[in-house]
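**Student:** What follows is a single structure, and I will ask about it in a moment.
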Amino acid sequence: MELFEKTLDSDVKFDGRILKLKVDSVQLPDGSTSSREVVCHNGGAGILPLSKDGKVALVKQFRYPYKEVIYEIPAGKIDAGETPYQAVERELFEEVGGKSDNIIDLGIIYPSPGYTNEKIYIFLAQNTIFEQQKLDEGEFLEVEYFDFDKVLEMIEQNIIKDSKTIIAVLKTQKLL
């Protein structure tokens, strides 16, 4: 059996600044039909900033859908015409004032494949130098610096819950 669903029809229900919501009619592998609700997103990119002395910069930010402040790596959406690499360089500088001459691609993650096509490109910035952040208008976050081992501990204690951050840290641990 071929594991593929053929799109028969697509109805856009909402088309916003960040995402689009559509309901698709699909033909299943057995020939029957069903519907799929899909959140369409242009994708994002995140970067784990690591200084020469092993300090990790994380941002602390209120996330409205969860109604809580969470720790994350610097990240953001990929703008039109921008590559994931360009997006993380921009986000690294804007959110933590970071610059790095050694940015390593850690791969792509699918944060929630059951209902969105969003892809998040993950990077590591080694030898990061931190200067003054340049936040976007309407962006409110704080930067905190931790030893790499402390970040691992925060993941184990469920203090860090953000999936892109957890994946970036664990892939970095394996790489180092």
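**Student:** Among the residues of the range 10-39, write down those that are part of a loop (DSSP other than H, G, I, E, B) and either modelled with pLDDT of 95 or more or more than 28 Å from the chain's Cα centre (by Cα) (or both).
**Tutor:** GLY16, LEU28, PRO29, ASP30, GLY31, SER32
**Student:** So is ALA45 outside any strand (DSSP E or B), among the small types (Gly, Ala, Ser) and on the phi < 0 side of the Ramachandran plot or not?
**Tutor:** So ALA45 fails the test.
**Student:** Residue by residue through the range 49-81, note down the ones that are within 12 Å of GLU95 (Cβ to Cβ) and touching a residue at least 60 places away in the same chain (Cβ under 8 Å). If you could, list the steps in order and put the result at the bottom.
**Tutor:** Kept after step one, since they are within 12 Å of GLU95 (Cβ to Cβ), are these residues of the range 49-81: 49, 57-61, 72-76.
Selection gives PRO49, ALA57, LEU58, VAL59, LYS60, GLN61, GLU72, ILE73, ALA75.
**Student:** Filter the range 97-116 down to residues that are part of a loop (DSSP other than H, G, I, E, B) and open to solvent by 80 Å² or more (accessible area, probe 1.4 Å) and give me whichever is farthest from LYS77 (Cα to Cα). Even if it seems obvious, please write down each step before you answer.
**Tutor:** Initial filter on the range 97-116 (part of a loop (DSSP other than H, G, I, E, B)): 97, 100-101, 110-115.
Next, from what is left, pick out any that are open to solvent by 80 Å² or more (accessible area, probe 1.4 Å): 101, 110, 113, 115.
Values: ASP101: 22, TYR110: 14, PRO113: 17, TYR115: 18 Å.
Ranking the qualifying residues of the range 97-116, first place goes to ASP101.
**Student:** Answer yes if at least one residue in the range 158-171 is assigned to a helix (DSSP H, G or I), touching a helix residue (DSSP H, G or I) at 6+ places or on another chain (Cβ under 9 Å) and in contact (Cβ under 8 Å) with a residue 40 or more places away in the chain, and no otherwise.
**Tutor:** Looking through the range 158-171, at least one residue is assigned to a helix (DSSP H, G or I), touching a helix residue (DSSP H, G or I) at 6+ places or on another chain (Cβ under 9 Å) and in contact (Cβ under 8 Å) with a residue 40 or more places away in the chain.
**Student:** Follow-up question, since we're still on this one. What about TYR66, is it closer than 30 Å to GLY98 by Cβ and either exposed (fewer than 12 other Cβ atoms within 10 Å of the Cβ) or in contact with a His (Cβ under 6 Å, 6 or more places away or on another chain) (or both)? Let's see the steps before the verdict.
**Tutor:** Numbers: closer than 30 Å to GLY98 by Cβ: yes; either exposed (fewer than 12 other Cβ atoms within 10 Å of the Cβ) or in contact with a His (Cβ under 6 Å, 6 or more places away or on another chain) (or both): yes.
For TYR66, the condition - closer than 30 Å to GLY98 by Cβ and either exposed (fewer than 12 other Cβ atoms within 10 Å of the Cβ) or in contact with a His (Cβ under 6 Å, 6 or more places away or on another chain) (or both) - is met.
**Student:** Still on this structure: Please determine, by comparing only the residues of the range 121-156 that are out of contact with any strand residue (DSSP E or B) (no Cβ under 8 Å at 6 or more places or on another chain) and open to solvent by 100 Å² or more (accessible area, probe 1.4 Å), which one is modelled with the lowest pLDDT.
**Tutor:** Once the filter is applied, the top-ranked residue is GLU137.
**Student:** Scanning for something under 21 Å from LEU170 (Cβ atoms) and buried (at least 16 other Cβ atoms within 10 Å of the Cβ), does the range 20-40 turn up at least one residue?
**Tutor:** no
**Student:** Quick check on my filter: what residues within the range 82-109 are in contact with a helix residue (DSSP H, G or I) (Cβ under 6 Å, 6 or more places away or on another chain) and aliphatic (A, V, I, L, M)?
**Tutor:** Those that are in contact with a helix residue (DSSP H, G or I) (Cβ under 6 Å, 6 or more places away or on another chain) and aliphatic (A, V, I, L, M): LEU106, ILE109.
**Student:** I'm told LYS55 meets every condition in (1) among the charged types (D, E, K, R); (2) farther than 24 Å from ILE120 by Cα; (3) crowded, with 16+ Cβ neighbours inside 10 Å except one. Can you identify the failing condition by its number?
**Tutor:** Failing condition for LYS55: (2).
**Student:** State yes or no: is TYR121 part of a strand (DSSP E or B) and more than 30 Å from LEU3 (Cβ to Cβ)? Can you show your working first?
**Tutor:** Numbers: part of a strand (DSSP E or B): yes; more than 30 Å from LEU3 (Cβ to Cβ): no.
No, not satisfied.
Yes/no matrix, rows are residues, columns are (1) in contact with an Asp or Glu (Cβ under 7 Å, 6 or more places away or on another chain); (2) within 30 Å of ILE104 (Cβ to Cβ); (3) of a type outside the set (Ser, Thr, Tyr):
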site: SER25; (1), (2), (3): yes, no, no
site: ASP30; (1), (2), (3): no, no, yes
site: LEU50; (1), (2), (3): no, yes, yes
site: ALA57; (1), (2), (3): no, yes, yes
site: TYR66; (1), (2), (3): no, yes, no
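**Student:** In addition: Hey, can you tell me all the residues within the range 80-89 that are under 17 Å from LYS134 (Cα atoms) and open to solvent by 20 Å² or more (accessible area, probe 1.4 Å)?
**Tutor:** Once the filter is applied, which keeps residues that are under 17 Å from LYS134 (Cα atoms) and open to solvent by 20 Å² or more (accessible area, probe 1.4 Å), the range 80-89 yields GLN86, GLU89.
The values are calculated or read from the model by the stated rules, or taken from the named source; none is laboratory data. Worth saying up front: this structure is predicted, and the values here are computed from it rather than measured. Glycine also receives a Cβ, built like all others from the backbone with ideal geometry; neighbour counts cover every protein chain displayed. Each accessible area value is taken on the protein alone, full model and side chains, heavy atoms only, with ligands, DNA and RNA left out. Shrake-Rupley method; radii C 1.70, N 1.55, O 1.52, S 1.80 Å.
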